[in-house]
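Reading through the structure tokens given below for one structure.
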Amino acid sequence: MKIEYVELRQLSVPLREPFHTPHGTVSNKKLTLVSLWSDGLRGTAESVALSAPSYTGETQESVWHILKDFIAPALVGAEFADPSDFQKLFAWVRGNPMALAAAECAVWDLICRAQGISLHAALGGTRTRIPAGRSIGMNTPDMLEQIRRLMDQNYHKIKVKITPGSDEAILAAIRREFGDGLPLMADANSAYAGAASLASLDRFKLMMIEQPLAWNDLLLHADLQRQMQTPICLDESITSLHDATLAIRLQACRIINLKIGRVGGLATARAIHDLCHKHGIPVWCGGMFELGIGRAFNLAISSLPGFTLPGDTCPTETTFDCDIITNPLTIDKDGCMPVPTGPGSGVEPDEDMIASLTERKIRF
Ligand code: MG
């Protein structure tokens, strides 16, 4: 399959409510949409980088630069027999996994559409419904009511953000209200400097504590995991198959949050999944404020057998007033989201909505 032309669009979409994390506040989501055309078919994917280099080093501005000046021009005229060809073509690019992932996911979408198969089937997915989870931002004034509403909808996991100083009050309030049976986890986004106050959080019986320490310090996480009963889940620390191999070898975590963008695309995400599955490390798929196209990719990867824990994926309407697809992703009465079964990602871009949200675009 030969790529005939490529389009990049940068969109700006306001969140329904600002979302506070230890990294800062997100109130407006910018995303870069990569579209590729071949033989009348189109493959499309979102880049999930944030606007500031707070979660990873990439930003929407850096993603736009890398896609516009290096990746998109090289894609025009490129031939793909298999999505794995993408990694060979761009093996020379260092870093910039979120820019690469957006283009790689668009290639997967295009090839699956050309072959008439769904992305989840192409990846080897075995699940047809994904248990939904929801991440709640810091300083959410109606946090307890929000959790009650989510439980009423049969959500399978509640994730809250914690920082030193705020952790005990937040977790105690939730446990007091809902008891120990609530499937609860806490994400620290590297807000802690050391192990001192963390082991005391064991009493809250969390499903896991996510990325408590520095993103680039696996040794400190390994030390902490030896002191804590609560499983540590790594997020920001895992940017490659090598990182995952090292984390498992060092016993720096017992769970991994697998995000397609953070690891550079679906091929690496699947390889990390396979490695974790082999070592009995459960994985789940975290969220990056994706719109419908990005969430469809998250559902597809979550259909792999090692995704045994509920992720952050839930319907777009929980975060935004609009979506960029014409067939919205839904949640059923059991709190599960059906994995799209149509060709490729299984969702169709809403051209009018995309046009109305576009801030800049370029074609190659
Ligand atoms: Mg996280």
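At-a-glance table
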| read-out | value |
| --- | --- |
| Count - residues of the range 68-86 that are surrounded by fewer than 16 Cβ atoms within 10 Å (Cβ to Cβ), in a helix (DSSP H, G or I) and touching a residue at least 60 places away in the same chain (Cβ under 8 Å) | 1 |
| Within the range 209-229, considering residues that are open to solvent by 10 Å² or more (accessible area, probe 1.4 Å) and assigned to a loop (DSSP other than H, G, I, E, B), the one nearest to the ligand (Cβ to nearest atom) | Trp215 |
| Every residue from the range 145-196 that is within 16 Å of the ligand (Cβ to nearest atom) and part of a helix (DSSP H, G or I) | Asp167, Ile170 |
| Those residues of the range 95-138 which are over 22 Å from Val26 (Cα atoms), open to solvent by less than 30 Å² (accessible area, probe 1.4 Å) and either outside any helix (DSSP H, G or I) or of a type in the set (Asp, Glu) (or both), in sequence order | Glu104, Asp109, Ser118, Gly125, Ile130 |
| Answer residue from the range 230-256, given it is β-branched (Val, Ile, Thr) and touching an Asp or Glu at 6+ places or on another chain (Cβ under 9 Å) and is farthest from the ligand (Cβ to nearest atom) among those | Thr230 |
| First in the range 273-301 and more than 24 Å from Pro343 (Cβ to Cβ), second anywhere and in a strand (DSSP E or B) and of a type in the set (Phe, Trp, Tyr), Cβ under 9 Å, 6 or more apart | Phe289/Phe19; Phe289/Phe320 |
| Residue within the range 129-140 that is among the small types (Gly, Ala, Ser) and without any contact (Cβ under 8 Å) to a residue 40 or more places away in the chain present | no |
| Number of positions in the range 144-170 that are more than 19 Å from Ala193 (Cα to Cα), open to solvent by less than 20 Å² (accessible area, probe 1.4 Å) and among the charged types (D, E, K, R) | 2 |
| Checking Thr316 against (1) open to solvent by 20 Å² or more (accessible area, probe 1.4 Å); (2) at negative phi, the condition it does not meet | (1) |
| Condition check for Val48: hydrophobic (A, V, I, L, M, F, W, C) and within 16 Å of the ligand (Cβ to nearest atom) | yes |
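The values are calculated or read from the model by the stated rules, or taken from the named source; none is laboratory data. Here the structure is a predicted model, which means the values were calculated and not measured. Positions of Cβ are backbone-derived with ideal geometry, glycine not excepted, and every protein chain shown enters the neighbour counts. Accessible surface areas use protein heavy atoms only, side chains included; no ligands, DNA or RNA. Shrake-Rupley method; radii C 1.70, N 1.55, O 1.52, S 1.80 Å.
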